[in-house]
Each structure stands twice: as structure tokens, then as C-alpha cells.
1. Among rounded, prolate and oblate, which fits the range 225-337 when a ≥ b ≥ c are the square roots of the eigenvalues of its C-alpha gyration tensor, a/c under 1.5 means rounded, and a/b larger than b/c means prolate?
2. Given a 1.4 angstrom probe, I'd like the percentage of the accessible area of the range 48-159 that is carbon and sulfur, rounded to a whole number.
3. Cross-link candidates for LYS306: which aspartates and glutamates have Cα within less than 20 Å, leaving aside residues fewer than 8 places away along the same chain?
4. For ALA214 and VAL168, compute 0.36 nm times the residue count separating them, minus their Cα-Cα distance, and round to one decimal in nm.
5. To the nearest 20 Debye, how big is the dipole of the range 129-243 about its Cα centre, given +1 on the beta carbon of each Lys and Arg and -1 on that of each Asp and Glu?
Amino acid sequence: MPFTNGIFANVSGASSAAAGQIVQSAVWNNIHEDYSDAFSQVMQQLIAQISNRNILWMNGGFEVWQRGAGAASSIALAAGTTAYTADRWYLTTLVNQASVVSAQAGLSSASQLSARVLRNAAQTGVGVMTFGYPLDTEEIFRMRGEPITLNMLLSAGATWSPANGTLVATLYGGTGAVAKRGAGFTGEVTILTVSTNLTPGGAAVAVSATSSAAVPTNITQAELQFTWTPVGTAGATDYFQVDDVQLEGNLSSDTWTPMNFDRIPFEQSLQGCKRHYCKTFPYSVAPAAGAGLSNSLELLSPAAAKIGLYWQYPVEMRTNPTFSKYNPATATSSFWYALASLAGASASLAATIDTVNGTNATKMIAVFGATAALEQIAFLHMQADAGI
């Protein structure tokens, strides 16, 4: 090895030859090999210490699942639906393509979780399905003017149905406002595309591709998409699984070999994702009515009155979010839950969102009726969605 306890040692004969002495060709070859290995090790260690190399750092590794139940997430989508699943990743289904996106064990030993995208058993829809990650402005600017490399790990279930097992990954760009790609971007360009024929039930494979040219410097829209065309009636394991997705800008003036997946600490990735979506529920609890009082918003009644409180988001959101309200104790999802007190019974109270809100906080209002008791406590769960 070139280094022993951090110290480089030349091969025998490399530094002990006397002036004018002939150095054998074998020793000379070893010198070149050692220096090559040493410089390679140094460069790999330097690159490994560069954080945030991955443009998809927020959740390219599929470790964050706020919209579900954390690491136990299993998010069902009806046919003909577009919805977010793992943080930052959405799925589009067509007719007869009811599906489930779930958190599974990672496809590498250093990964906790991966994403499985399953077309439900007995579904017959055979239109093109899309699993996408739309990029925001700061992510788009990071890759402009450089070639871009995509790395990822992929596998497929035993009844993965597309012809030849084909899964296509494509990075699109455009010149309009930040958005999901939908039917296409304004002035759309294909920056990079790679097609992989996955073996049903086979081991995970590493896939890599580099754009043939620099990313256009005028793009203001971008999205990484996985697309596939299922065939026939879905079996029980008609899915692909994906992990460690990395978009990495190349150094345009140098030869660049992309390194291993840039594994961002979970807490950092989670905080980034909260700019796009956050909830009052505990991380491991999927948003739903009746999911429990833990972490819910709480206010105290001054008897019959109108009263409100502000929900301060964990981080400033990327834009004014849309809201969903959940009763923590009953199925009346858009209502506060007021606990019984000495002078009043448990009740559900209408929850109103103030029309004036922003990216830092919003105000919820409850109207306590004439029968409300002094210091009666009411609870409410919320989610705020500022996704692209």
C-alpha cells in the first residue's frame, strides 16, 4: 500500500540508489505504480470530504418520508393520480394503475432505506408511468454550464413487467417557471437519458450516465424522471426499487470521475425537505384524522369566544403552502378536538385558516360556542405543502 499509518514509503530501491546507479526497470515500474496509487487515494479522500456534491441532496437517498410513517411508509395512490410520496418524489399513475410507493431496506450496505414503486397486483393499465423529482431554482442553477453525471442503484421485483425490463431515467430542462414537467417544459431539452434493462428478481445494479454536453446556461426548469411502460396484468411483485440517486456536476476544465454516493446526514436532509413539506404529526406517524394528540397544536378556550394561534413552521418554506387540517381524536378531519372539562363536553370545533399567511407561520382560528368552558383545551394537527 502507498500509505502506512498516513506515511508514504517508496518501494525498495526507489530512494536508496546511489548517484549514477542503474535503477532496474521493475523498480521503476513500482515507483510509478506507487505514486499513481498514492495520488488516487489522496484525490478520493479529498473528494469524499466535499459535502453536498449531490444536487439531489435533500432526498436522493430516499431516507426521508414525512408524508408517510417515516421508515415504515407505504403510500397508496389511486389510478389516475399524481401525488408526492417519498419527500421530493412524486408518482403519476394512469387508468387501472393503482400503485403503492413504499420505504424498503436500502440497496447498499450504507443505505437505510430505498423506494419501491409497485403497480398493484391485478392492475391492467399499460400507459407510461412516471416517478419524478422536480428541481427548484437553486438546484437548477447549481448544474448550469457543466456536464452532469447521474448515478443510482436499481433492482426489480420478480414479476417486473415492462418489455425487456426497461426502465428509463431522463433529466429534462426548460426555460419556464419551476414546475413539474407534466406534458413537457417550455423550450424543453433532454439533458441526459439512460435506459436500463432490469432483470426481474435480480440483484441491484449500479447505473451511471454522463451528459454529452454541458447543461444549458439558460434553463430555469428541470426534472429527473423515471419512466416505464408496464405490460399485461400486474403480478404481486411488479415493481422497481431505486436508491442512492445522485446528480453530480462535472468539473468542465478537468477529467472528472464521480465518486461514491454523497451520504448527507439524515437531519440535514430532513430540514431541507421541510422547505417543501412539513407536518405537526410525529415523523413516524402518517397524517390522518384520529392519529393521536402527540405533537398537535393546542389552544386554551376563554369560554364562548373566537380565538386563534400561530403555527410556526420548522423552517421557512419555499413558497406559501397549502394546508390540510386533521382532528387528532376523531374522523372529523378539518376540526379542532376540544377535550371535556369541568363545564363542557368533548366536541369538534370548526378550524379556520387565516387568509393572511406566509412562508414562516400561519394562523388557525377556532370559534368556541356558548357552551364552551373556560380553559377548555382544543387540539389540531396540520400539514403544510409547498411542493413544486
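The values are calculated or read from the model by the stated rules, or taken from the named source; none is laboratory data. Computed from a prediction, not measured in an experiment: that's the story for all the values here. Methodologically, a virtual Cβ is constructed for each residue, glycine included, from the backbone with ideal geometry; neighbour enumeration extends over all protein chains shown. All accessible areas refer to the heavy atoms of the entire protein, side chains included, with ligands and DNA or RNA removed. Shrake-Rupley method; radii C 1.70, N 1.55, O 1.52, S 1.80 Å.
1. It is oblate, given that a/c is not under 1.5 and a/b is not larger than b/c.
2. 56 percent
3. Cross-link targets: GLU298, ASP354, GLU375.
4. Value of the extension gain: 14.5 nm.
5. Numbers: 4 positive and 8 negative charges, 28 e Å.
Charge dipole of the range 129-243: 140 debye, to the nearest 20.
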